[in-house]
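Below is one structure; the comments refer to it alone.
No lab work stands behind these numbers, since they all come straight from the coordinates. What you see is a predicted model; the values in this text were computed from it and never measured. Virtual Cβ from ideal backbone geometry, glycine too; neighbours counted across all protein chains shown.
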Amino acid sequence: MALFFKQKEKKPEHLLALDIGTASVKALLFTIDEEKAVIKGFGEQKQGVTHMRGGVISDLDGVIDNCEKAITMAANQAGASPEKMILGVAGQTIKGLATFFRFERTDPEAKLTEDEIQEMVDRIQKTALANARQAYESETGKKDVAIKLVNSSMISAKVDGYEVPNLSGFKGKDIEVGFFDAYALSVHLDTLQSLADELGLEIHAISAEPFSLVSGILPTEKESLAGIVLDIGGTVTDLTLIKQGRILGTKVLPLGSSMITDRIVEALKIPFDEADSKKAKYIENDTEPTVTRKIKEAIEPEVALWVKGVELAIKEWEEEALPPHFLLCGGGAALPEIKAALVAYPWLTKTPFTQFPKVDFILPDNVLTVFDQTGAIKDSRLVTPMCLCKVALDLEKEEDLIARLLSKSAHKMGI
C-alpha cells in the first residue's frame, strides 16, 4: 500500500515508473489497461560515479540530467509523454520493521468493530514510529529525526489463535496483529519532490522497492511465495524476507556490484567506466581468456565477502526457520559468481534454513500483471522498475478496510 503522495484523481493516459539506481536511471513509460500495465517505452542512462552514494542522491543536478535523458528515450519510443510518475526508494534510505501486538478484549462475544480495529492500528503504528525513530537516531546520532511512512501492510492477524484474513466482524478474546512498515527520512523524500519539480512531473506514488517487488511477483496463491529476495544494486544489496506472501523483514547490505567494478579497475589498471564495460562483457562471456582470468581472480574475494555479508544480515532476523529459497534480481545478480557463491555456501551449518536453499532469478515473466511491448526487458536486471508499474495498478483498486484505517492513522500521526 503506497501511503505517501497517493493520488486518487483520474489517472493520466501515460505513467512513468522511475528507478533511480546507483549505476543507472531506468525509466518505463506505461499505460493501464484494465487489470494490467503495458510498458510502451524504455530508457536508461548511466549515472556518474559521484551522483549517488549508498543509494542516496548526492548530486541532484547530475541525477536530474540523467533522469531527463532516460525519460526522453522512453517517451520517444512510446510516442507519448508522461505527466505523473511512480518513484521507488530502497537501500539505506529505508527502514523496514515488523511490529506485533496482542490485545485482550473485555467482551469476546461482541464482533470487532471498525472503531476497535482503528484503535489497534493506531497503537501499533505509534509503536512502529517510535521504533523507527530510535533506529534512525542510533544510526545517525541525531535526535528528533524527521521521517515519513512510505508503505505499511498487515502481515498477520489471529483471533484466539486462529489465522484470519482480516479482523472485521470476528468475535474473540485474544487478538494478535502484526504490521510491517517502511519509513524513510523526510530529507530524502523532499529531495525526490525537488527532482519531480525540476522534471515537471507530478508524483503519483512513492513506494519502498521491497514492497513493490513482492507485490509485483505475488502469484495467484500468494501464500505460496516464500524466500529471501536479494536485489543487488550498485552499492547496496536489499534483502527482503517473505513468508506466506508477506514481508517479515528487510535488511540492507552495504555491498553491491560497484565493488566488483572497483576490483576490475585495480586488476586491469583501467578507468571505472571501462572496467564497468569489461564487467558487462565478462558476464556475457565475451572477454579474452587472459582478461577473463584476471577478472575472476580479482572478484572472487569480493564475492566471498558479499556472501558472508548475506549470512550475517540473515542472522539479524533471528528467525527460527528460514524459507529455503533465494530470489535474485538487480544489475549485480547477473554476475555468475554470485549464484555460484550462494549455491556453494554452507548455509545449513551457519543459518536456520529448513533445508539447503535453492537459488532462482526473478524474471520479467514473474511479474504477472505487467507486460512489456518494447522488447527491452529480458532479464532480472529490470524487474524492480517493472514492479513499480504494479504500484499504479494497486492504486486503482478500492482501498480495503485495513488500508483505509492505516491512512487515517498516518494522517493523525502526521506521517
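What is the order of GLU319, GLU223, GLU302, fewest Cβ neighbours within 10 Å to most? Display every interim value, and only then the final one.
Values: GLU319 16, GLU223 11, GLU302 19.
If I rank by nearby Cβ atoms, fewest first, I get GLU223, GLU319, GLU302.
Ranked by Cβ crowding within 10 angstrom, fewest neighbours first, how are ASP144, ASP231 ordered?
The most exposed by this proxy come first: ASP144, ASP231.
With a cut-off of 19 Å, note down the residues of region 80-122 whose backbone N falls inside the zone around a label point 7 Å from the Cα of GLU223 toward its beta carbon.
none
What's the exposure ranking of LYS40, LYS142, going from fewest to most Cβ atoms within 10 Å?
Least to most surrounded, the residues fall as LYS142, LYS40.
Given region 222-362, what percent of its DSSP beta bridges are antiparallel, to the nearest 5?
Roughly 60 percent of the DSSP beta bridges within region 222-362 come out antiparallel.
Most fluctuating residue of GLY309, GLY21, GLY55 in a GNM of the chain with Cα springs under 10 Å: which is it?
Among GLY309, GLY21, GLY55, the largest mean-square fluctuation in the Gaussian network model of the chain belongs to GLY309.
Please find, in a Gaussian network model of the chain (springs between Cα atoms separated by less than 10 Å), the residue of PRO385, PRO357, PRO271 whose mean-square fluctuation is greatest.
It is PRO271.
Given a Förster radius of 35 Å and the C-beta distance between LYS143 and GLU119 as r, what FRET efficiency does 1/(1 + (r/R0)^6) yield to the nearest 0.05?
0.75
So, in nm, how far is label LYS397 from label PHE272 when the simple model puts each one 7 Å beyond its Cα toward the Cβ?
The answer from the label model is 4.0 nm.
Share of antiparallel DSSP beta bridges in the chain, in percent to the nearest 5? Don't skip to the answer; put the middle values down first.
Details: 56 of 78 bridges.
Around 70 percent antiparallel, to the nearest 5.
Between LEU312 and ASP365, take the C-beta separation as r, use R0 = 45 Å, and let me know the FRET efficiency to the nearest 0.05.
Plugging the Cβ-Cβ distance into 1/(1 + (r/R0)^6) gives 0.90.
Relative to the longest principal Cα axis of the chain, at what angle does helix 383-396 sit, 0 to 90 degrees, rounded to 10?
Roughly 30 degrees, rounded to the nearest 10.
If one takes the longest principal axis of the Cα atoms in the chain, at what angle in degrees, from 0 to 90 and to the nearest 10, does the Cα axis of helix 289-315 lie?
Relative to the chain, helix 289-315 is tipped by roughly 20 degrees.
Shape verdict for region 14-165, please, from the Cα gyration tensor: rounded (a/c under 1.5), prolate (a/b greater than b/c) or oblate.
Oblate.
Label points 7 Å out from Cα along the Cβ direction at THR106 and ASP174: separation in nm?
2.1
Return the FRET efficiency for the residue pair ALA80, ASP59: r is the Cβ-Cβ distance, R0 is 35 Å, and the value is rounded to the nearest 0.05.
0.75
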